[in-house]
Amino acid sequence: MFSKLGRFVVHNPWKVIAAWVVAAIAVLAFAPTLADVTNKDQASFLPDSYESVQAQQLAADAFGQTNDATASIVIKRGDNGVLTAADQAEAAELAGKITAEHIDRVTGAVTGPQALSPNKQVQLISVGLKGLPDDQAVLDAVQQVRDLIGPAMADSGLRYGVTGDAALFLDNQDAFDNALVVVGIATVVLIIGLLLFIYRSPIAALLPILTVGLVTAVAPGLIALAAKAFDLEVTQDLQTLLTVVLFGVGTDYILFLLFRFRERLRAGEQPKEALVTATVRVSEVIVSAAGAIVVAFSALLLAVFGGFKSLGPGLAIAVAVMAFAAITLIPAVVSLLGPKVFWPSKSWQKTPKGAAFKRIGRFTARRPGVVALVSGGIMAILALGTLGMKVDYDAFSQLPKDTESSKAIKDLQSGFPAGALDPTTVYVKSTDGTPLSPATLTSYAEKLAKVDGVGALLPATPDGSPVLLNQDKTVAKLNVVLKNPPYAKASLDLVDGPLRDAAHANKPPNTTTLLGGVSASYTDIRDANSRDLKVIFPVAGGLIALILALLLRSLLAPLVLMLAVVLSFFATIGTTVFVFQGAAGHAGVTFSLPIMLYLFVVAIGTDYNILMIARLREEAERGTDPREAADLAIEHGGPSVAAAGLILAGTFSSLMLAGMALLTEMGFSVAAGIVISAFLMSILLVPSVTALLGHRAWWPRKITTAPVSKAEDRRLEPVG
């Protein structure tokens, strides 16, 4: 199959390129965009079986309460002093101005003595908004409120800031938009720079930019079509991840092809035939490597958390499209260029000495046990950091600290409990239709207020009662303010433990209780995340092992590779913990990081394992001694693995320039994981362990040796 495809692509380049261009135009013209299926609200990705989701549904049924956005204006004196009567009057006047402006989607603004903090240093203005927090019209309304406040408060001597879920989303959107631009530019610059260094050719350096650029025009539309067809929503970080995944993986695949093409030219083949041979030989590696990534990403369909479930298929589609481009579009373009793809460099005409990798290969052949012990030992030491890993569920801690919403939250906490912005709501529902007793509910609320970690009960009625009843008095709502921020681990542990236990244990007779709000939602997200990790990890690992077994027709070699991959995963997690929790002092790593690392490091890192193990298998089939096979694999496969690993690590490291904690952590950790996978695992650990196992590595397959032709002389520079 690959032979026929390779010949058709190489000998019909214009037809292949035209087909890709037509497909790109069709997708751009008729497919929806990613923005049409993007959801920024993490909590909305939970299924209906979780308590916080059921609480939200009860709120909608009993109180007509929807997911409408909220905004809070935090007023504080510039000198951090107590707000005077004139200051409070200024805040009341501002609320009136906002209401009188009749801004679209703003239902009104209110404040008063009840909105003044106990220490009188902070006053809140609550702004009603109509619509979901991620609705563009709502975000525009928040911006208009901010634009109105500036001139109104210019000479007041007061400091202000708009926060709340809609304001946080607005700042989050701006941060992600800026990150996308920065990451895109940095990725392109890194790829061009690294390829110029490797090939000394501007044409080879620009090849990924042009070809992957065409793929990036096709993939998002196809992802959006799939999301529409299967009723999926995607997270807002998908577009940024697509940039680095497509350019990183695409550049790797282009490297594999160019290394092999250059090798065949050096063997004396004519350009067209050399490219056919290269395409055929590399296609198996690319399809296998991409298959490992696709099945690993597709395993996210087993997640109960929708954020994972929708992110996986999107990235899987992108990688599949990129792999198809790597064996069709890219060879077609190279077919038109021929050896000019390496212009003006002449290095493609001679085989480099490769002294560094030759020395590493020879040492590995002589001392495979030492190499295995050192490389495996380093990874094991790094993996120890996993023991201290903590998980952070604060979705908005990724925002730059200088955003208005972040500053306003800090100001708010100087006067109110940290959980005041997003209280936890306890709903009490009569199970037999009997009206609830206000006195009983007030006693119930007082018991909740005594739970350690609860800061206060918010008044729910004008007379100061903490209990709000619906019209038929069968459902009650109580707002509980936590002492810690709503996303903090302490708050999640409180809601998931003592507060929930107290709410259920002390509920009035013939009632049921449900906990809702941000902390309850993220408690459920945490439970869903823990469940997903336990399910997805073994499934994805098993699928990758199956692909390796089919490729190698062996059982022991895939087992060795997967054990090495698992070790590299924990080494990457440990490195991230040492850097961010240890050196940087973060409260923990973001909750989605472990599963992202597993998929990126395990799946994408498997590319390099496939290249190296395929080369080792090739040598075994030629009858080469296992130790010499390790030598040759490192000498000839090492440079391509190292180059591909550096480029992929470089593209992911560009995420560190985004200025957001989530993307900084992801960029560093994935880049570190790729370096560990490429250098410690693929170049050192896998060849040395294979050398120690000898021909038993291919069990139960019996290796049959094949004659070595001059054109396939292993002393050239094969890839994989």
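Nothing in this text is a laboratory measurement; each read-out follows from the coordinates by a stated rule. Because the structure is a prediction, the values reported are computed rather than measured. Counting neighbours? That spans all protein chains shown, and the Cβs are built from the backbone with ideal geometry, glycine included.
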* **Solvent-free Debye scattering, log10 I(q)/I(0), computed from the Cα coordinates of region 160-231 at q = 0.12, 0.16, 0.27 Å⁻¹** => -0.57, -0.80, -1.09
* Using the scaling law 2.2 N^0.38 Å as the reference, what is the normalised Cα Rg of region 69-170? -> 1.02
* Asked: If Lys and Arg each add +1 and Asp and Glu each add -1, what is the summed charge of the other residues whose beta carbon sits under 12 Å from the beta carbon of Lys489?
  -> -2
* Cβ-derived FRET efficiency at R0 30 Å, Ala60 paired with Val535, nearest 0.05 -> 0.45
* Virtual paramagnetic centre 7 Å along Cα→Cβ of Ser345, amide N under 13 Å, in region 255-277 -> 255-256, 258-263
* Asked: Can you give the net charge of the other residues whose Cβ lies under 13 Å from the Cβ of Ser117, counting K and R as +1 and D and E as -1?
  -> +1
* Structure fact -> Nearest 10, in degrees from 0 to 90: the angle of helix 355-366 to the longest Cα principal axis of the chain is 80
* Structure fact -> Whole-Å distance linking the alpha carbon centroid of region 536-588 with that of region 599-647 is 17
* Structure fact -> Given a Förster distance of 35 Å, the FRET efficiency implied by the Cβ-Cβ spacing of Ala18 and Leu301, rounded to the nearest 0.05, works out to 0.55
* Structure fact -> Proxy exposure order for His586, His504 (fewest C-beta within 10 Å first) is His504, His586
* Extension gain from Leu384 to Lys358, taking 0.36 nm per residue of separation minus the Cα-Cα distance -> 6.2 nm
* Angle in degrees between helix 165-199 and the longest Cα principal axis of the chain, rounded to the nearest 10 -> 10
* Around Gly6: net Lys/Arg minus Asp/Glu count, Cβ-Cβ under 15 Å -> +4
* Asked: Which value in deg cm²/dmol, rounded to the nearest 500, describes the helix-derived mean residue ellipticity at 222 nm for the chain, given -39,500 (n - 2.57) per DSSP H run of n ≥ 4 and division by the residue count?
  -> -19000 deg cm²/dmol
* Structure fact -> Distance in nm between Asn510 and Thr70 label points, each 7 Å along Cα→Cβ, equals 3.2
* For the Cα atoms of the chain, what angle does the longest principal axis make with the long axis of helix 661-675, in degrees from 0 to 90, nearest 10? -> 20
* To do: Using only the alpha carbon atoms of region 423-516, find the Kirkwood hydrodynamic radius as the inverse mean reciprocal pair distance, in angstroms to one decimal.
  => 13.2
* Structure fact -> Packing-ranked peptide list from 496-503, 292-299, 692-699, highest mean Cβ count within 10 angstrom first, is 292-299, 496-503, 692-699
* PRE reach from Ser437 (point 7 Å along Cα→Cβ): which of region 479-513 fall under 11 Å by backbone N? -> 508-509
* To do: For an R0 of 45 angstrom, estimate the FRET efficiency from the Cβ-Cβ distance between Ser49 and Leu657 and round to the nearest 0.05.
  => 0.70
* Distance violations [Cα-Cα > 28 Å] among Lys76/Lys447; Lys76/Lys450; Lys130/Lys429; Lys130/Lys407 -> Lys76/Lys447; Lys76/Lys450
* Given the peptides 524-535, 674-685, 445-456, arrange them by the average over their residues of other C-beta atoms within 10 Å, most packed first. => 674-685, 524-535, 445-456
* Within straight-line cross-link reach of Lys309, lysines at Cα separation under 28 Å, skipping those fewer than 8 residues along the same chain -> Lys40, Lys228, Lys390, Lys489, Lys534
* With each pseudo-label sitting 7 Å past Cα toward Cβ, what's the Leu373-Lys97 distance in nm, one decimal? -> 7.5
